[in-house]
Amino acid sequence: MEKKIRQCTVPLCPPCHYWQKKDKHNMGKKAQGPRTKPEIDVNGTLLVPPPRTIANQDHFHRLNYLYQISAYQTRTTAKTTAKGHISLARNYIKTMDLVSKKTKTSLLPTIKRTICKKCHRLLWTPKKLEITHDGALSVTCACGTVKRYNIAADPNYKTYSEREDNLIVP
Amino acid sequence: MSGSLKSLDKKVAKRRQVYKPVLDNPFTNEAHMWPHVHDQPLVWQLLQCSILNKLAHIQSKDDYPWELYTEFNDIVQYLSSEGGSSDPVCLFVCNKDPDVPLVLLQQIPLLCYMAPMVVKLVQLPKSAMAIFKPVSKYGMLLLRCDDRVDRKFVSQIQKNVDPLRFPWLDAVKYQRTSVKLLKTTVPIVSKKRQK
C-alpha cells in the first residue's frame, strides 16, 4: 500500500492524497509540525504566553458593579447636598468583599486602598489624613480605624502590580 | 561549560509563569486625575522666577512674603478647613519624580477636589524635585493666591492649567469592568511529591 502511494505522481489524485494524509497522520509526532521547546528563563521559570480570554469574568463584573453602586451612595454624601445611604454603601462593599473571598478573585491595591477594612466605608473623604511623627502616612476612617502606610521606610516603594511589566491589559 | 551541573539545573523548570486576573479600580485613572498643563516649561519657569528663587534666599519660614505651606500635614489641614478664606489656592506637586511616595500622590487629587475653596492643582515636570528638595520634603507647595502674589503669575497659571475634573463624581455612569492580568509564577509540583 505504501509503495503505491509513493509511486503515484498525479498531483491531486484523490485516493492517494487521502492515503498520504492518513499515512502522515499515523506517523504521529513528526507530522504535527516542529514542536517548539518550552522556553525557560534564567531563573528556571517556564515561560507561557498570556491567555486570550479571562475565565469567570462574571465575578469581576459583579464586583465592579457592587463597587460602583457603593460609590454612588457615597458620592451623594461627599460633594452634593443630596443624602446618600451610607449604611447601604457599606453593605455593598461588604458584599463585594465576601464575593471576592468566596470566588477567590483578587482586587488591585488601587481598589483596596479606598476601602476601610473594618466598617467597609469608601475612604474618599477620610476623617484625618496626616504624616505621623514616625514618618508614616495615616488615613483615619470615620469609624476610627487607621490605615498606615510606612512611606518613610522607602519612599520609592512600589507594590508588585505597580512595578513595570507586571500588569498586562488583555 | 555547557555541560556543567549548574547550567543543567537551569534547564529544568522549577516554576511556571501564570497570569492572574485582577480587578482594577473603575474610577482611578491616574492619567486623567491630574489636570493637564498646557505649557509646562512656561509654568515651571514662572514658578522658579517668581516663587522658588525668592524662597531660596529666605532662611526661616516665618519670613515668607506669601502665605504658603510646604508640609503635607499643613496642606491637608488648610485644604480641609471649613469656613476659612475663600481665596483661590495653587498646589504645586512634583508627581513625576522618584522620592515622592505613590500612596501620598494618590490622595491628593481627590483631596483638592473636596476642598471648600478653588484649588488649582499643578503637576510639575520631571526632575523638578531637585530644586524643591530644600523647600519641601515631598515636593509639594501650596500657595494662597491673595493680593501679595503677582496677578500675572496667577492668571498665567489659571490659563495654562486645566481645572480638576472627576466625571465619575459628577454624573452617574456605569464604568466598564477593567480586568487586568498580573504576571506571576507558581512552583511546579510533581505528582509524586504531592502524594
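Throughout, read-outs are computed from the coordinates displayed, never taken from laboratory work. Nothing here was measured: the structure is a model prediction, and the numbers come from that model. Here the Cβ is made from the backbone with ideal geometry for all residues, glycine too, and neighbour counts use every protein chain on show.
Structure values in brief
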quantity	calculated
For the stretch A:78-161: Kirkwood Rh in Å [reciprocal of mean 1/r, alpha carbons]	14.5 Å
Label point 7 Å beyond Cα of B:LEU5 along Cβ direction - residues of the stretch A:34-54 with amide nitrogen under 20 Å	A:43-44
Peptide A:55-68 - average C-beta neighbours from other chains (10 Å radius)	4
30 Å Cα-Cα threshold exceeded, pairs from A:LYS37/A:LYS158; B:LYS126/B:LYS159; A:LYS118/B:LYS126; B:LYS20/B:LYS173; A:LYS101/B:LYS11	A:LYS37/A:LYS158; A:LYS118/B:LYS126; A:LYS101/B:LYS11
Average beta-carbon neighbours from other chains, 10 Å sphere, peptide B:174-187	6
Likely footprinting exposure, A:CYS119, B:CYS145, A:CYS143, B:CYS94, fewest C-beta neighbours within 10 Å first	A:CYS143, A:CYS119, B:CYS145, B:CYS94
Per-residue average of Cβ from other chains inside 10 Å of A:44-50	6
Shape parameters for the stretch A:113-170, alpha-carbon atoms, Rg then Dmax in Å	13.8, 43
Computed magnitude of the charge dipole of the stretch A:78-161 (debye, nearest 20; Cβ of K, R +1, Cβ of D, E -1)	440 debye
Debye, to nearest 20: dipole size of chain B, +1 on Lys, Arg Cβ, -1 on Asp, Glu Cβ	2400 debye
Rh by Kirkwood over Cα pairs, then Stokes-Einstein D for the stretch B:44-147 at 1.567 mPa s and 4 °C, µm²/s	92 µm²/s
Pairwise FRET efficiency - A:ILE54 versus A:LYS112, Cβ, R0 = 25 Å, nearest 0.05	0.80
Kirkwood Rh and Cα Rg combined as Rg over Rh, evaluated for chain B	1.19
